[in-house]
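Shown next, in structure tokens, is the structure this report addresses.
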Amino acid sequence: MSNPPLHDWNLAPKAAIELQKQLAGRVELEDRLERIRHIAGVDIGFEESGDITRAAVVVLAWPPAAPGEFEVVEQVVHREPTRMPYIPGLLSFREVPAALAAFDKLTTKPELVMVDGQGIAHPRRLGVASHLGLWLDLPTTGVAKSRLCGRHATPGDERGDWMPLMDGEETIGVVLRSRTGVKPVFVSPGHRLSLPTALEWATACLGRTKLPEPTRLADRLASRRG
DNA sequence: GCGACAG
DNA sequence: ATCTTGTCGC
């Protein structure tokens, strides 16, 4: 893949926050997708007590052979020294550099990328999925296991039930019951796609577990299990 | 000042 | 995120 215009990642919190406000203005929430043939899942894990950051990308073929049965086309792992501590709201500065390096190793070019974390459901509308989407210049959607910001009612108990995630009058994502009887996931568009489309793809990629297949497989690989 | 807080 | 065994439930 090409080398996106990287900025300085090692910024002080205050400077990082200002940069997020700038970059948020570049995020596109209109659908701008190519025909989907490959969907990538991305996640980051840590080794050596957190000293090593491990980025994993798994590419799945679309459509699946059978509902919920995806074929893994390619998967890569990239390890590098951890550069930033975890600070709520500034997650992308800790994870995106490693994710970009992992994408550089990728041979397949996905038309859609699912990221473990928030898209625009972020205080400044620049969660890790949005930030990564800008630098990859690819459609991305965020699927997080818990809430960062916003308020919402409890979605129904049936798989597929959802409720909007609101920040004041603004709808920033949806809380989706991805599996009956399990805590819901938080879906929000990252870049180059709308919320309805983000929800459609997150739902379309569901297997029989809580997380959509792209993110679930990347999660396993990043935690050196898969 | 007091909570809340993706991974 | 990560450290960790068994155990409850479909």
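Keeping to the stretch A:85-142, report how many residues are under 12 Å from A:Q20 (Cβ atoms) and of a type in the set (G, A, S).
Qualifying residue count, the stretch A:85-142: 4.
If you scan the stretch A:78-98, which residues turn out to be in contact (Cβ under 8 Å) with a residue 60 or more places away in the chain, surrounded by 17 or more Cβ atoms within 10 Å (Cβ to Cβ) and over 16 Å from the mean Cα position of the chain (by Cα)?
A:M84
One residue is enough: does the stretch A:152-164 have a residue meeting the conditions under 14 Å from the mean Cα position of the chain (by Cα), more than 16 Å from DNA strand C (Cβ to nearest atom) and not basic (K, R)?
no
Can you tell me which residue in the stretch A:27-54 is farthest from A:F103 (Cα to Cα), limited to those that are charged (D, E, K, R) and more than 16 Å from DNA strand B (Cβ to nearest atom)?
So the residue we want is A:E30.
Given A:E74, A:E47, which one is more than 17 Å from A:G142 (Cβ to Cβ), among the charged types (D, E, K, R), surrounded by 11 or more Cβ atoms within 10 Å (Cβ to Cβ) and within 16 Å of DNA strand C (Cβ to nearest atom)?
A:E47
Report, by residue number, each residue of the stretch A:211-226 that is assigned to a helix (DSSP H, G or I), more than 12 Å from DNA strand B (Cβ to nearest atom) and in contact with a Leu (Cβ under 9 Å, 6 or more places away or on another chain).
Hits for the stretch A:211-226 are A:E213, A:P214, A:L217.
For the stretch A:68-98, which residues satisfy the criterion of being within 22 Å of A:R220 (Cβ to Cβ) and modelled with pLDDT under 95?
A:G68, A:E69, listed by residue number.
Go through A:E69, A:E74 for me and flag whichever is in contact with a strand residue (DSSP E or B) (Cβ under 6 Å, 6 or more places away or on another chain), within 26 Å of A:C205 (Cα to Cα) and of a type outside the set (A, V, I, L, M).
A:E74
Only residues that are out of contact with any Lys or Arg (no Cβ under 7 Å at 6 or more places or on another chain) and of a type in the set (D, E): list them for the stretch A:137-191, please.
Residues satisfying the conditions are A:D137, A:D167, A:E169, A:E170.
What are the residue pairs meeting all of these: first residue in the stretch A:197-209, first residue part of a helix (DSSP H, G or I), second residue at pLDDT below 95 and not charged (D, E, K, R), Cβ atoms under 7 Å, and 6 or more apart or on different chains?
Pairs found: none.
Given the conditions (1) surrounded by fewer than 17 Cβ atoms within 10 Å (Cβ to Cβ); (2) more than 16 Å from DNA strand B (Cβ to nearest atom); (3) at negative phi; (4) touching a residue at least 12 places away in the same chain (Cβ under 8 Å), and given that A:G68 satisfies all but one, which numbered condition is not satisfied?
Of (1) surrounded by fewer than 17 Cβ atoms within 10 Å (Cβ to Cβ); (2) more than 16 Å from DNA strand B (Cβ to nearest atom); (3) at negative phi; (4) touching a residue at least 12 places away in the same chain (Cβ under 8 Å), only one is false for A:G68: (3).
Report yes if A:R192 is in contact with a helix residue (DSSP H, G or I) (Cβ under 9 Å, 6 or more places away or on another chain), in contact (Cβ under 8 Å) with a residue 12 or more places away in the chain and charged (D, E, K, R), otherwise no.
Yes: the conditions hold for A:R192.
Can you name the number of the only condition in (1) of a type in the set (A, V, I, L, M); (2) in contact with a helix residue (DSSP H, G or I) (Cβ under 9 Å, 6 or more places away or on another chain); (3) within 16 Å of DNA strand C (Cβ to nearest atom) that A:I52 fails?
(2)
Pairs only if they're at least six apart or on different chains, beta carbon under 7 angstrom, first in the stretch A:100-115 and under 18 Å from A:W201 (Cβ atoms), second assigned to a loop (DSSP other than H, G, I, E, B) and acidic (D, E); list them, first residue then second.
A:E111/A:E34
For the structure I just gave you, tell me whether A:V27 is at pLDDT 95 or above, within 16 Å of DNA strand C (Cβ to nearest atom) and either buried (at least 24 other Cβ atoms within 10 Å of the Cβ) or not acidic (D, E) (or both).
The answer is no for A:V27.
The values are calculated or read from the model by the stated rules, or taken from the named source; none is laboratory data. Computed from a predicted model, the values in this text were never measured in an experiment. Cβ: placed from backbone, ideal geometry, glycine included. Neighbour counts: every protein chain shown.
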